[in-house]
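Report on the following structure.
The values are calculated or read from the model by the stated rules, or taken from the named source; none is laboratory data. Quick caveat, the model's predicted, so the values are computed rather than measured. Because the Cβ atoms are built from the backbone with ideal geometry, glycine has one as well, and the counts that use them run over all protein chains shown. These area figures cover heavy atoms from the full protein model, side chains too; ligands, DNA and RNA do not enter into them. Shrake-Rupley method; radii C 1.70, N 1.55, O 1.52, S 1.80 Å.
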Amino acid sequence: MFKHPRLVSALVIAAATMLSAATVVRGAAPASPLNVVATTADLASLAREVGGDRVTVTALANPTQDPHPVDPKPSFIGAINRANLLIAVGRELEIGWLPSLITSARNAKVQPGSAGYLDASQNVKILEIPTGQITRAMGDVHPQGNPHYWLDPANGRIIARSIRDKLTELSPGDRAVFEQRYKDFDTRLAAAEKRWDAALAPYKGAKLVTYHRSWPNFMERWGLNVMGYVEPKPGIPAPPAHIIQLIEEMKRQGVKLIVMEPYFSAKTPESIASRVGGSVMLMAPSVGAVKEAGDYIQLFDFNVTKLVGALKVATGH
Ligand SMILES: [Zn+2]
């Protein structure tokens, strides 16, 4: 194609000039955004908040499905292969699908332990950490404590901070941008938390049942009391004896509300609700699980509004 030697050298010089110009302006303009891959839509939303136009973010798990067993698509391997940063929930949430994808992607930068890998569970508050001898009981999908920790906005703030620090490490020239964007997010989150705290304050101590153990951080944050689970253990389908016991306990304590994730079958929760004269409500465990939960703050706006409505009915005040 380039037959003329003088043209070739002119092109080489032009390319070299462009390259050095790009190096000089890096930090002043989004010359080449970092490729960020997040295992969930929640982490992706937080990465977008902090990274702005200095990052392109891809989320892997489909937020309308259970994040424990994720069907790995071939496109996931390509995304991880091109990533500068891989952000994972950790606590073995992705144990069934992420390690093999990382191996297949052959990207040394984002191997666990490398600079381009961020375990978002570092520094956050983790609940339900097994005490004593840790056995991987059959089907128990939370062997390292509860991995649904992003459902407390205080943890969301800590995750955003970890992402800020990691992005700064990978792209030091953009430090001021990441700091500014983190501060802005922090301010908006704090304002939203005031709203959510006020809305849920009247229901402190209210009892409810959840399907999976997705909500301990969320419920603890607002002083709500989860008195039982449709699943006896995370990931284990309920045997009839467990359901009978749960119904009796709900009747005894006057508990009428069952919170369910959208990806489980409503059959068992509905039948429990009908036996106790209560109701089943869906909450969004992740950004994008319902269309109203378009980003991290909207996720809580949606859940808090819905929960307040349901608690009003269930508690009669
Ligand atoms: Zn879980």
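Data table
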{"read-out": "Residues being more than 17 Å from Leu34 (Cα to Cα) and part of a loop (DSSP other than H, G, I, E, B) - total across region 92-118", "value": "9"}
{"read-out": "Any hit, region 129-139, residues being under 26 Å from Asp184 (Cα atoms), part of a loop (DSSP other than H, G, I, E, B), among the β-branched types (Val, Ile, Thr) and within 16 Å of the ligand (Cβ to nearest atom)", "value": "no"}
{"read-out": "Helices (runs of 4 or more DSSP H) fully within region 159-270 counting 1 or more residues that are farther than 27 Å from Glu92 by Cα and open to solvent by less than 60 Å² (accessible area, probe 1.4 Å)", "value": "175-200, 240-253"}
{"read-out": "Residue in region 44-51 that is modelled with pLDDT of 95 or more, surrounded by 17 or more Cβ atoms within 10 Å (Cβ to Cβ) and farther than 22 Å from Ala284 by Cβ present", "value": "yes"}
{"read-out": "Hey, Gln65 open to solvent by less than 70 Å² (accessible area, probe 1.4 Å) and of a type in the set (S, T, N, Q) or not", "value": "no"}
{"read-out": "Flag for Glu292 being modelled with pLDDT of 95 or more, within 16 Å of the ligand (Cβ to nearest atom), surrounded by fewer than 21 Cβ atoms within 10 Å (Cβ to Cβ) and within 23 Å of Val89 (Cα to Cα)", "value": "no"}
{"read-out": "Pro63 being assigned to a loop (DSSP other than H, G, I, E, B) and touching a helix residue (DSSP H, G or I) at 6+ places or on another chain (Cβ under 9 Å)", "value": "yes"}
{"read-out": "Which numbered condition Ala206 fails, given (1) under 24 Å from Glu270 (Cβ atoms); (2) within 16 Å of the ligand (Cβ to nearest atom); (3) of a type outside the set (Lys, Arg); (4) modelled with pLDDT of 95 or more", "value": "(2)"}
{"read-out": "Meets criteria (loosely packed, with under 12 Cβ neighbours inside 10 Å, modelled with pLDDT of 95 or more and either out of contact with any Phe, Trp or Tyr (no Cβ under 8 Å at 6 or more places or on another chain) or farther than 28 Å from Val290 by Cβ (or both)) for Ser9", "value": "no"}
{"read-out": "Options Gly278, Gly309; residue that is crowded, with 22+ Cβ neighbours inside 10 Å and over 16 Å from the mean Cα position of the chain (by Cα)", "value": "Gly278"}
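Per-residue answers, yes or no, for (1) open to solvent by 20 Å² or more (accessible area, probe 1.4 Å); (2) over 21 Å from Val287 (Cα atoms):
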position: Leu85; (1), (2): no, no
position: Pro99; (1), (2): yes, yes
position: Gln111; (1), (2): yes, yes
position: Asp119; (1), (2): yes, no
